[in-house]
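Contents: one structure, followed by commentary.
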Amino acid sequence: FHGQITLMKAIANSFNIPAVKLIDRLTPAKVIRFARKLGISSPMQPNLSLGLGSGNFTPLEMASAYGVFANQGIYVAPMAITRVEDRDGTMLEENIPQAREVMKAVHAAMLTDMLKTAVEKGTGTRAKVKGYSVAGKTGTTNDCIDAWFNGFTPELVTVIQFGYDRPRQLGPKKTGGVVCCPVWNEFMTKVLKSYPQSEFPVPEGAVRARICMLSGKPASKGCP
């Protein structure tokens, strides 16, 4: 409906057709294999509706997957308990984070920059926290039954989901950007006071450049 557009613009504005076409080109099976690497274990049907959000995922799965983008391609399995000590301080049990590289750092950085644009000038603008770099993606299921915002900074990933236990509409136009982003913003504005203001890192061998969202090429003075 918008003609030929960049992936960055598609992600920023939640245009779904480019996602469906991309899955069609890559094949659903390849997309599912990659999602598994990011820690997604829920059932996924190998069809193009994956690009429309047909999978049913938990907030923990989403947080673990988005953590890969923030962590420059490194997946770390989520865990709730790091160690157990007795009352004398003797270590009874310790869980060491299990980490592995699942995507190239430069690819994670490129995707992070796209998701940062979604917060700066896309559907996630209500999540912006003054002085901090924020990236993320909104999500809304059919008829506003569920709403999401999966957001992250260089240090933290936080996922917000709205929905009823017995599925029903949240309300008209109650999208992820409308109901989830303000909650994410209010929570993270308080939490991030304990963290330094930092930019998402640029991996070795890569450079950050300003890109025209219309042409997808380096921006010039004539780029809107």
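Taking 0.36 nm per residue of sequence separation and subtracting the Cα-Cα distance, how much length would be gained by fully extending the chain between His2 and Leu52, in nm to one decimal? Don't skip to the end; give the middle numbers.
Working: separation 50, 0.36 × 50 = 18.00 nm, distance 1.73 nm.
Contour length minus the Cα-Cα distance gives 16.3 nm.
Using Cα-Cα distances under 8 Å and only pairs 6 or more residues apart, what relative contact order does region 109-224 have, in percent? Each step should come with its number before you reach the end.
Values: 185 pairs, mean separation 26.2, N = 116.
Averaging sequence separation for qualifying contacts and normalising by length gives 23 percent for region 109-224.
Please work out whether region 93-160 counts as rounded, prolate or oblate from its C-alpha gyration tensor, where a ≥ b ≥ c are the square roots of the eigenvalues and a/c under 1.5 means rounded, while otherwise a/b larger than b/c means prolate and anything else oblate?
Working: a/c = 1.80, a/b = 1.43, b/c = 1.27.
Prolate shape, in that a/c is at least 1.5 and a/b is the bigger ratio.
Hey, what did the chain get for relative contact order, percent, Cα under 8 Å, at least 6 apart?
Details: 367 pairs, mean separation 40.6, N = 224.
It rounds to 18 percent for the chain.
Ignoring ligands and nucleic acids, what accessible area does Lys174 show with a 1.4 Å probe (Å², nearest 10)?
Roughly 80 Å² of Lys174 is accessible to a 1.4 Å probe.
Considering Cα pairs under 8 angstrom that are at least six residues apart, work out the relative contact order of region 31-89 and quote it in whole percent.
Working: 38 pairs, mean separation 18.1, N = 59.
It rounds to 31 percent for region 31-89.
Please work out the C-alpha center-to-center distance from region 1-79 to region 106-156 and express it in whole Å.
Cα centroid to Cα centroid, the span is 14 Å.
Spin-label point model (7 Å from Cα, Cβ direction): what's the Glu93 to His107 distance in nm?
Going from the Glu93 label point to the His107 one covers 3.5 nm.
Express in nm, to one decimal, how much length is gained between Gln45 and Ser194 on full extension, taking 0.36 nm for each residue of separation and deducting their alpha carbon distance. Before the final figure, lay out the partial values.
Working: separation 149, 0.36 × 149 = 53.64 nm, distance 4.11 nm.
Extending this stretch completely gives an extra 49.5 nm.
Restricting to DSSP H runs of at least four residues, report the calculated mean residue ellipticity at 222 nm for the chain, -39500 (n - 2.57) per run over all residues, nearest 500 deg cm²/dmol. Walk me through the intermediate numbers first.
Numbers: 6 runs with 67 residues, N = 224.
My calculation for the chain gives -9000 deg cm²/dmol from helical runs alone.
Once a ≥ b ≥ c are taken as the square roots of the eigenvalues of the Cα gyration tensor of region 135-221, is the result rounded (a/c under 1.5), prolate (a/b larger than b/c) or oblate (a/b not larger than b/c)? Intermediate results must be reported in sequence, preceding the final value.
Working: a/c = 2.96, a/b = 1.54, b/c = 1.92.
Since a/c reaches 1.5 but b/c is at least a/b, the shape of region 135-221 is classed as oblate.
When all protein chains stay in place, what accessible area (Å², nearest 10, 1.4 Å probe) is found for Asp143?
Surface accessible to solvent at Asp143 totals approximately 110 Å².
In nm, give the distance between the simple-model label positions of Lys21 and Glu186, each being 7 Å from the Cα along the Cα-to-Cβ direction.
According to this spin-label approximation, the distance is 4.0 nm.
State whether region 1-137 is rounded, prolate or oblate according to the following rule on the C-alpha gyration tensor (a ≥ b ≥ c being the square roots of its eigenvalues): a/c under 1.5 gives rounded; otherwise a/b larger than b/c gives prolate, and the remaining case gives oblate. Mind showing how you got there, number by number?
Numbers: a/c = 2.52, a/b = 1.65, b/c = 1.53.
Judged from the Cα gyration tensor, region 1-137 comes out prolate (a/c at least 1.5, a/b above b/c).
Straight-line reach from Lys190: which lysines fall under 25 Å, measuring Cα to Cα and dropping same-chain residues less than 8 apart?
In chain and number order, the partners are Lys116, Lys121, Lys128, Lys130, Lys137, Lys174.
List, in order, the whole-Hz ³J(HN,Hα) value for each residue of region 125-139 obtained from phi through the Karplus relation with A = 6.51, B = -1.76, C = 1.60 and θ = phi - 60°; use x for Gly and Pro.
Values, residue by residue: 4, 5, 8, 4, 10, 4, x, 10, 7, 10, 10, x, 9, 7, x Hz.
With springs only between Cα atoms under 10 Å apart, run a GNM on the chain and tell me which of Arg100, Arg166, Arg25 wobbles the most.
Maximum among the listed residues: Arg166.
Mean Kyte-Doolittle hydropathy of -1.0 or higher plus an axial Cα length of 18 Å or more: which whole DSSP H helices in the chain meet both?
Values: long enough: 105-121 (24 Å, 0.45).
Flagged H segments are 105-121.
Report the local net charge at Ala147: Lys and Arg +1, Asp and Glu -1, summed over other residues whose C-beta lies under 14 Å from its C-beta. Working shown, then result.
Details: positive: Arg126, Lys137, Arg168, Lys173, Lys174; negative: Asp143, Asp146.
Charge balance in the 14 Å sphere: +3.
The values are calculated or read from the model by the stated rules, or taken from the named source; none is laboratory data. Quick caveat: nothing in here was measured; it's all calculated off a predicted structure. Here Cβ is always computed from backbone atoms with ideal geometry, including for glycine, and neighbour counts include all displayed protein chains. Note: areas computed on protein heavy atoms with side chains; ligands, DNA, RNA excluded. Shrake-Rupley method; radii C 1.70, N 1.55, O 1.52, S 1.80 Å.
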